[in-house]
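S.K.: Here it is, the structure in full.
The values are calculated or read from the model by the stated rules, or taken from the named source; none is laboratory data. No experiment lies behind these values; they were computed from the predicted model shown. Glycine also receives a Cβ, built like all others from the backbone with ideal geometry; neighbour counts cover every protein chain displayed. Keep in mind that these areas ignore ligands, DNA and RNA; they rest on the heavy atoms of the full protein, side chains included. Shrake-Rupley method; radii C 1.70, N 1.55, O 1.52, S 1.80 Å.
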Protein chains: 2
Amino acid sequence: MSKPFPSDLEIAQAAPMQPITEIAASTGISEERLEPYGKYVAKVLLDETTTAENALKKGSKYIVVTAVTPTPLGEGKTATSVSLAQGMAHIGKKATLTLREPALGPVFGVKGGASGGGYSQIVPMEKLNLHLTGDFHAITSAHNLLSAMIDNHLHHGNKLNIDVRNISWRRVMDMNDRSLRNIIVGLGERMDGVPRETGFDITPASEVMVIVSLASSFTDLRERLARIVIGYTMDGGPITAQNLRADGAMAALLQDAFNPNLLQTLEHTPALIHAGPFGNIATGNSSVVADYVGLEHSDYVITEAGFGADMGAERFFNVKCRTSGLKPNAAVLVVTVRSLKSHSGLYKIVPGKPLPERMLQESPADVKAGAANLVKHIEIVRSFGVQPVVAINAFPSDFDSEHEAIRMIAEEAGARVAIHRGVAEGGAGVTELAEAVVAACDDVSDLVYTYEDSDSLSTKIEKVAKRVYGADGIEVAPAAAQQLAKFEELGFGHLPVVIAKTHLSISSDASLKGAPTGWTLPVREVRLAAGAGYVYAICGTMRTMPGLGASPSAERIGFDEDGQLVGLF
Amino acid sequence: MSKPFPSDLEIAQAAPMQPITEIAASTGISEERLEPYGKYVAKVLLDETTTAENALKKGSKYIVVTAVTPTPLGEGKTATSVSLAQGMAHIGKKATLTLREPALGPVFGVKGGASGGGYSQIVPMEKLNLHLTGDFHAITSAHNLLSAMIDNHLHHGNKLNIDVRNISWRRVMDMNDRSLRNIIVGLGERMDGVPRETGFDITPASEVMVIVSLASSFTDLRERLARIVIGYTMDGGPITAQNLRADGAMAALLQDAFNPNLLQTLEHTPALIHAGPFGNIATGNSSVVADYVGLEHSDYVITEAGFGADMGAERFFNVKCRTSGLKPNAAVLVVTVRSLKSHSGLYKIVPGKPLPERMLQESPADVKAGAANLVKHIEIVRSFGVQPVVAINAFPSDFDSEHEAIRMIAEEAGARVAIHRGVAEGGAGVTELAEAVVAACDDVSDLVYTYEDSDSLSTKIEKVAKRVYGADGIEVAPAAAQQLAKFEELGFGHLPVVIAKTHLSISSDASLKGAPTGWTLPVREVRLAAGAGYVYAICGTMRTMPGLGASPSAERIGFDEDGQLVGLF
């Protein structure tokens, strides 16, 4: 931002919050269902009324916020979600946000902050970004208890005949720690376990995280935990968490974590923050149960899906909605002037370096040169039968002519479009977008899945590749084809699929901008997430444990002379 | 117990709890200082009034609960602490408990439960034993952030010239996971870090845990974190957390965890549950700040030290009280009929097997045969200038003649003595003990340390060995002598010492019962905990990461058909 503007942390720290009991009361969540964690955070306790039926009864509108293909500049998708929820109040509508919980690890890496920005933030931001109510820690514990029980089983004689070379269940930690990616455990003496190679992923990559996000009830959660496949016997049979008798204790560890967290925006809009699976190898969406609670108590529920519409939104539609039984009424596509300029391919942007001079100059032509990406994402949303609304996240450095260029692109593609200034102005700057979304919700939407349950796994992958990404087809490596056949044989053929590819292009090649055509999706490997309930295809190098940089933000986080927390953002 | 008696979990689940706000109000903790975590748990927020001066101002009495040398049967030390606190109310005295937080790992091993027993328990017990307010998770994160920053530093060129073969800082996890004891990290490709051997300890073994327990203020905590020595340069110089610029971010992770947790006993006595360092290599005592809060708000503060008086109580006096500036008024020595029978050496007790038939029969003679251990522990307490009170934790299977035998042993040794039936009867069965403790507190106590700050490190170890344990002397291995010399040279000679030896004997040989004489303490190795503020001498094999058994309790924890948590205890 070129104008003098307070930092996100300064705005958040200066904001007067309402007691969370008042936020809950304002949205009709009863006090008995509220478990406060301090004055400004609470757990909403689920009960037998938390169901898809009750969520649907009220006829509330369900809106997913997605975006064009991410650029290094950031599109402000969370900021737009928060902006929109705040904007709803300014046009007299009652909205609730449902968002993912941020992971702890990245806070100490480059920068944390899944809290939005400027005057459209979730607060208290320090709590949000540091531990919150401990859900990720509970998920880490549940995951690693299973890991410990696997190695303990090997140590005590391996009665289940587990093939030590075929254990896919690793350990997790909510930390950017590259040294744990590949490790050998069980060294030392005989009493120190069985040596084998394994590793750690970051907690958002845990299948337990996806289970918390997708389970529709605590009973469902327990059943999903039991179904987790951790590896195979020497005869090739699957070994489950239930076989290891780990599922009950894992569920015990997750009792509190399964209840959504209630926070607020700077303008006191209720925000249910719950679960945070990775957007690359996992579903990248917040929890089903938080959406149930939101829909039961609000007229509009605004949720956010990870990365671009090809990634998080595709999984939102094909996996999350299929599981939850919910049907979205509209999809908001976040775009910025800079992101379309970036997708034009006319600039070379290097993270951490100043922007190219040309990019800062008024140029609707350069914006139009990046149109293909936006148009493709509009088409993707429409392929699901859902109404798209293009949200232009305005920056102070933008020019009106550039906004106008985006408006024309969107309208030509038949989408509603609105500019919002939620970061600079809060909800008051988002009424146009709020009106557009309300109008879209009043139109007919009828969710269409990309594939049927009964399609074969490879057909499912192929349909996503062709119908969503616009690929010519898929190329399944021989080993992957064998795995697919095995999963079908083991009875997992009915599951939906998650395609783990780069998020930096609609294609599987991160360097291809815009809306690539004439390419084939390479399926290198397929893996099973039997508990979460999908098969995922690895189509590229997936990083499941980040590292820290040469000068990580952890070095700057601390306390000033007055004892005030600094450096977090 | 031979009588039909409900299980601890059944008693705890049936108990009506008071809202934690009422518990706080009853002890004068203001609502502004209270941060509720649900209805029955709260954090007590520390502020600038939380100091030794304010803790001492009121003249409250400070009581430490310790025990004879632990036996496989369990002495009920926590149950006695809870009993005594409850008993105080029955004689019209206002008491607060300060106890350690239980670790999560052991809950899934043999059995959890640092919650007391029967009608003398801390509630809510499920919260207490599963996550509580997440302090241990925060400590785990802070510890592992430093670990990640060490490996990240090596990866990015090792500008500090750290000797990779001389890094003592490991990682921690709150899990019984033996396979993580010895691991190789940093395998894979060039971008996956620098390969080296290291390992995981369980979280209670973390130096960060000790820092949380010993720090007298948040400023002190930050300074201690900064002083942590993680290893040495190639030139032998110490590398600190501050050198790695990790201390600020570690402190940010510990902001909430540094505030004590308020819970209640079954009879609504306030219980401050905070920190839980290991009793073998660490201090084995709950936090200094919780004691400050307790003393400020109560007439009697009852705290508990790990293992026997030679272990936790010695460290309570020589390390914790030296750090906190507090002086105890009395020490309660918990003993049972069975523990003295066990110390007689007349029985062979195998954990998990039924007790020997003879042990269940009335035999004051066998109790007297184990007297030496109790007498020695009375002497240990008295060596610190503190009034001992022997507390006989009565079991339904005991005989009066056996209680009488203990009474005679204690009185002959010049200690007060009282029987309590807190487990079976709650506080009503503890009035005799409560009266004895009040009387002891009215006597003169004047804490005498075993050694002076100015003594050399080896003199300190020798004084503890001779004056506390009753050893003939110490035998320092050449490598350990070199380490001691190095620590003195580096300016750590003024620190107190922790002697990491077996807790199953007053000597360093676990098989020696009673009060062994004619032995020498072997000092195999010495290590530095510069942040926590002590040097510790390894005198035996210390396990810092437990494992799970062949049939761990995790396999039995889960939910019944009504969705009720079962198998936890």
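S.K.: Which one of these does B:GLY427 not meet: (1) in contact with a His (Cβ under 8 Å, 6 or more places away or on another chain); (2) under 22 Å from B:LEU326 (Cβ atoms); (3) part of a helix (DSSP H, G or I)?
M.R.: Condition (2) is where B:GLY427 drops out.
S.K.: Within the stretch A:268-278, can you find the residues that are outside any strand (DSSP E or B) and more than 28 Å from B:VAL107 (Cα to Cα)?
M.R.: Within the stretch A:268-278, A:HIS268, A:THR269, A:PHE278 qualify.
S.K.: Go through the stretch A:209-227 and give me each residue that's more than 21 Å from the chain's Cα centre (by Cα) and among the β-branched types (Val, Ile, Thr).
M.R.: A:THR219, the sole residue that qualifies.
S.K.: Something else: Could you please find all residues in the stretch B:110-169 being among the β-branched types (Val, Ile, Thr) and more than 30 Å from B:THR240 (Cα to Cα)?
M.R.: Result: B:VAL110, B:ILE122, B:VAL123.
S.K.: Same structure, new question: Considering the stretch A:440-490 alone, what residues qualify as being assigned to a loop (DSSP other than H, G, I, E, B) and either aromatic (Phe, Trp, Tyr) or open to solvent by 60 Å² or more (accessible area, probe 1.4 Å) (or both)?
M.R.: Once the filter is applied, which keeps residues that are assigned to a loop (DSSP other than H, G, I, E, B) and either aromatic (Phe, Trp, Tyr) or open to solvent by 60 Å² or more (accessible area, probe 1.4 Å) (or both), the stretch A:440-490 yields A:ASP443, A:VAL444, A:ASP446, A:VAL448, A:TYR449, A:TYR451, A:GLU452, A:ASP453, A:SER454, A:ASP472.
S.K.: Taking A:GLY533 and the conditions (1) at positive phi; (2) open to solvent by 20 Å² or more (accessible area, probe 1.4 Å); (3) under 21 Å from the mean Cα position of the chain (by Cα), which numbered condition does it fall short on, given that it satisfies the others?
M.R.: (2)
S.K.: Exactly one condition in (1) among the polar types (S, T, N, Q); (2) surrounded by fewer than 18 Cβ atoms within 10 Å (Cβ to Cβ); (3) within 14 Å of another protein chain (Cβ to nearest Cβ) is not met by A:SER511; state its number.
M.R.: In the conditions (1) among the polar types (S, T, N, Q); (2) surrounded by fewer than 18 Cβ atoms within 10 Å (Cβ to Cβ); (3) within 14 Å of another protein chain (Cβ to nearest Cβ), A:SER511 misses (3) alone.
S.K.: Sticking with this structure for a sec: Just to be sure before I move on: is A:LEU548 open to solvent by less than 40 Å² (accessible area, probe 1.4 Å), in a loop (DSSP other than H, G, I, E, B) and within 14 Å of chain B (Cβ to nearest Cβ) in the structure I sent?
M.R.: Yes: the conditions hold for A:LEU548.
S.K.: All but one of (1) free of Cβ contacts under 8 Å to residues at least 40 places away in the same chain; (2) open to solvent by 50 Å² or more (accessible area, probe 1.4 Å); (3) outside any helix (DSSP H, G or I) hold for A:PRO396, so report the exception by its number.
M.R.: Going through the list (1) free of Cβ contacts under 8 Å to residues at least 40 places away in the same chain; (2) open to solvent by 50 Å² or more (accessible area, probe 1.4 Å); (3) outside any helix (DSSP H, G or I), A:PRO396 breaks only (1).
S.K.: So is A:GLU189 open to solvent by 20 Å² or more (accessible area, probe 1.4 Å), more than 11 Å from chain B (Cβ to nearest Cβ) and either of a type outside the set (Val, Ile, Thr) or farther than 29 Å from B:VAL566 by Cβ (or both) or not?
M.R.: Criteria not met by A:GLU189.
S.K.: Next question, about the same structure. Do you know which residues across the stretch B:511-569 are among the small types (Gly, Ala, Ser), touching a residue at least 12 places away in the same chain (Cβ under 8 Å), more than 30 Å from B:ASP455 (Cβ to Cβ) and in contact with a Lys or Arg (Cβ under 9 Å, 6 or more places away or on another chain)?
M.R.: If the condition is that a residue be among the small types (Gly, Ala, Ser), touching a residue at least 12 places away in the same chain (Cβ under 8 Å), more than 30 Å from B:ASP455 (Cβ to Cβ) and in contact with a Lys or Arg (Cβ under 9 Å, 6 or more places away or on another chain), then B:GLY547, B:SER553, B:ALA554, B:GLY567 are the ones that fit.
S.K.: Would you check which residues across the stretch A:16-29 are outside any helix (DSSP H, G or I) and either away from chain B (no Cβ under 14 Å) or of a type in the set (A, V, I, L, M, F, W, C) (or both) and list them?
M.R.: A:PRO16, A:MET17, A:GLN18, A:THR27, A:GLY28, A:ILE29
S.K.: Mind checking which pairs have a first residue in the stretch A:156-173 that is at the interface with chain B (Cβ under 10 Å from one of its Cβ atoms) and a second that is exposed (fewer than 13 other Cβ atoms within 10 Å of the Cβ), Cβ under 6 Å, 6 or more apart or different chains?
M.R.: Final answer for the pair search is A:HIS156/B:ALA550.
S.K.: In addition: Determine whether the stretch A:45-59 contains at least one residue that is more than 14 Å from chain B (Cβ to nearest Cβ), basic (Lys, Arg) and either loosely packed, with under 14 Cβ neighbours inside 10 Å or not in a strand (DSSP E or B) (or both).
M.R.: Yes, the stretch A:45-59 contains a residue that is more than 14 Å from chain B (Cβ to nearest Cβ), basic (Lys, Arg) and either loosely packed, with under 14 Cβ neighbours inside 10 Å or not in a strand (DSSP E or B) (or both).
S.K.: Give me a count of the residues in the stretch A:216-226 that are closer than 28 Å to A:PRO546 by Cα and either away from chain B (no Cβ under 14 Å) or open to solvent by 10 Å² or more (accessible area, probe 1.4 Å) (or both).
M.R.: So the count comes out to 1.
S.K.: Give the residue that is most open to solvent (accessible area, probe 1.4 Å), with candidates limited to residues of the stretch B:551-567 that are part of a loop (DSSP other than H, G, I, E, B) and closer than 28 Å to B:PRO277 by Cα.
M.R.: Restricting to residues being part of a loop (DSSP other than H, G, I, E, B) and closer than 28 Å to B:PRO277 by Cα, the top hit is B:SER551.
S.K.: Within the stretch B:110-133, track down each residue that is part of a loop (DSSP other than H, G, I, E, B) and facing chain A (nearest Cβ under 10 Å).
M.R.: B:LEU130, B:HIS131, B:LEU132, B:THR133
S.K.: Identify the residue in the stretch A:242-268 that is open to solvent by 10 Å² or more (accessible area, probe 1.4 Å) and of a type in the set (S, T, N, Q) and, among all such residues, is nearest to the other protein chains (Cβ to nearest Cβ).
M.R.: Among residues in the stretch A:242-268 that are open to solvent by 10 Å² or more (accessible area, probe 1.4 Å) and of a type in the set (S, T, N, Q), the one nearest to the other protein chains (Cβ to nearest Cβ) is A:GLN255.
S.K.: Name every residue in the stretch A:316-330 that is of a type in the set (D, E, K, R), touching a helix residue (DSSP H, G or I) at 6+ places or on another chain (Cβ under 8 Å) and either in a strand (DSSP E or B) or surrounded by fewer than 22 Cβ atoms within 10 Å (Cβ to Cβ) (or both), in order of residue number.
M.R.: Correct list: A:LYS327 only.
S.K.: Quick check on my filter: what residues within the stretch A:357-398 are among the aromatic types (Phe, Trp, Tyr) and under 21 Å from the mean Cα position of the chain (by Cα)?
M.R.: The one that is among the aromatic types (Phe, Trp, Tyr) and under 21 Å from the mean Cα position of the chain (by Cα): A:PHE384.
S.K.: When both residues are 6+ apart or on different chains and their Cβ atoms are under 7 Å apart, which pairs have a first residue that lies in the stretch B:445-456 and is more than 15 Å from B:ILE380 (Cβ to Cβ), and a second that is not in a loop (DSSP other than H, G, I, E, B)?
M.R.: Here the result reads B:ASP455/B:LYS463; B:SER456/B:GLU488, each pair linking the stretch B:445-456 to a residue that is not in a loop (DSSP other than H, G, I, E, B).
S.K.: Which residue out of A:GLY473, A:GLY558 is modelled with pLDDT under 95, outside the structural domain of A:THR198 (by TED's automatic domain parsing), of a type in the set (Gly, Ala, Ser) and touching a strand residue (DSSP E or B) at 6+ places or on another chain (Cβ under 7 Å)?
M.R.: Going through A:GLY473, A:GLY558 in turn, the sole match is A:GLY558.
S.K.: Might you let me know whether the stretch B:412-434 holds any residue that is charged (D, E, K, R) and open to solvent by less than 40 Å² (accessible area, probe 1.4 Å)?
M.R.: Within the stretch B:412-434, none of the residues are charged (D, E, K, R) and open to solvent by less than 40 Å² (accessible area, probe 1.4 Å).
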